[in-house]
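The values are calculated or read from the model by the stated rules, or taken from the named source; none is laboratory data. Predicted model only: the values in this text are computed from it and were never measured. Cβ coordinates were reconstructed from backbone atoms using ideal geometry, including for glycine residues, and neighbour counts include every protein chain displayed. The protein model used for the area step is the full one, side chains on, heavy atoms only, and it has no ligands, DNA or RNA in it. Shrake-Rupley method; radii C 1.70, N 1.55, O 1.52, S 1.80 Å.
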Amino acid sequence: AQKVTQAQTEISVVEKEDVTLDCVYETRDTTYYLFWYKQPPSGELVFLIRRNSFDEQNEISGRYSWNFQKSTSSFNFTITASQVVDSAVYFCALSEESSGTYKYIFGTGTRLKVLA
Amino acid sequence: EPEVTQTPSHQVTQMGQEVILRCVPISNHLYFYWYRQILGQKVEFLVSFYNNEISEKSEIFDDQFSVERPDGSNFTLKIRSTKLEDSAMYFCASSPGLAGDNEQFFGPGTRLTVL
C-alpha cells in the first residue's frame, strides 16, 4: 500500500541552526513522484520541490536541499541556517498512478518552529 | 502566472445545510482534484475528475459529496447535508496531463466551518 511517513511531529530549532525533516515512503510502483510542500500559518500549500523515481540526484536551492535515497525509500529535506520565516508545517507527498489519475498521498506533516 | 482560485475563502454554515465550494482551475488543465485537511491533520485525497467524470474517489467521498464542472471553467464540490465533521480546509488542484510529473497546482483553499 502507498504510504508516506513523517515521523517527526514537531521540531523546534534556534535561528541559524540546520534542520532536517525526514520522509519515508512506501509504494508498489517503479514510477512515482515525490514532493515537499510548505504550509504557513495562512494555510495555503506552497510547492517546494518535485522529484521523480528515476532521478536520485540530490538538489540544492538556496538554503534548501533534498536527499533522495531509493535504497531506503527516503526523501529528506534540510534547511540550512534556518530563519524564523521558515516556521511552518512541511508535508511530504507521494504521487503515483491510480485509476488513471495521479492522486497525492500526503504524510502527516512536520511542524517546524524556528525560534529567534 | 496562471493560478487556481477558490471561492469563498471561508464558509460558515449550519449543520444539515448544503454547501458548494467553487474552484477555477488553470485554463488548459485537464485533471482536477479535491483534497480535504481537517484542522491539524494531513491533507487527504477526496476525488479526481477527468473528461467530465470521476476517475477515483476516496472512502471519505460518500453520497453526501458530489463534483461538477458545470460550464467548462468552474469545478465545484457540493456537500449535500453538512455534518460537524465536514469542518475542514478544502483544497482544489488541477494538473495539465496524466503523467505523474505533471505537478498538481493547488488553490489557496476554502475553510469550511459547520456549526
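Using a 1.4 Å probe on protein heavy atoms, which residues of region A:85-116 have at least 50 Å² less accessible area in the complex than alone?
A:101, A:102, A:103, A:104, A:106
With every protein chain present, what is the per residue accessible area of the protein assembly as shown (1.4 Å probe, Å²)?
About 48 Å² of surface per residue is accessible.
Over chain B, what is the relative contact order in whole percent, taking alpha-carbon pairs under 8 Å and six or more residues apart?
38
Which entries of A:38/A:70; A:70/A:113; A:38/B:42; A:3/B:83; A:38/A:113; A:3/A:113 show an alpha-carbon separation above 19 angstrom in the structure shown?
A:38/A:70; A:70/A:113; A:3/B:83; A:3/A:113
For chain A, modelled as a Gaussian network with Cα springs under 10 Å, which listed residue fluctuates most, A:91, A:54, A:106?
A:54
When the accessible area of the protein assembly as shown is split by element with a 1.4 Å probe, what percent falls to carbon and sulfur?
Here carbon and sulfur together make up 47 percent of the probe-accessible area.
Cut-off 10 angstrom, C-alpha nodes, Gaussian network model of chain B. Which of B:21, B:46, B:84 fluctuates the most?
Maximum among the listed residues: B:84.
Would you mind computing, in nm to one decimal, how far apart the modelled labels at residue B:115 and residue B:1 are, each placed 7 Å from Cα along Cα→Cβ?
3.8
How far is it, in nm, from the label point at residue A:78 to the one at residue A:42 when both lie 7 Å from their Cα along the line to the Cβ?
In this crude label model, residue A:78 to residue A:42 measures out at 3.0 nm.
Starting from the Cα of residue A:16, draw a straight line to each of the aspartates and glutamates and keep only those under 19 Å, dropping any in the same chain fewer than 8 residues away.
A:86
Please give the residues of region B:1-15, grouped as numeric ranges, whose backbone N is less than 17 Å from a label point set 7 Å along the Cα-to-Cβ vector of residue B:78.
B:8
Have a look at B:42, B:57, B:78 and tell me which one the Gaussian network model of chain B (Cα, springs below 10 Å) gives the largest fluctuation.
B:42
Just grab the label-to-label distance for residue A:3 and residue B:27, each label 7 Å out from Cα along the Cβ direction, in nm (one decimal).
About 4.5 nm, to one decimal.
Across peptide A:39-48, how many C-beta atoms of other chains are within 10 Å of each residue C-beta, on average?
4
Pairs of Cα atoms under 8 Å, at least six residues apart: use those to get the relative contact order of chain A, whole percent.
37
With N set to the number of residues, divide the alpha-carbon radius of gyration of the protein assembly as shown by 2.2 N^0.38 Å and report two decimals.
So the Cα radius of gyration is 1.02 times the expected 2.2 N^0.38 Å.
To the nearest hundred square angstrom, how large is the accessible surface buried between A and B, total for both chains, probe 1.4 angstrom?
Using a 1.4 Å probe, the pair buries roughly 1900 Å².
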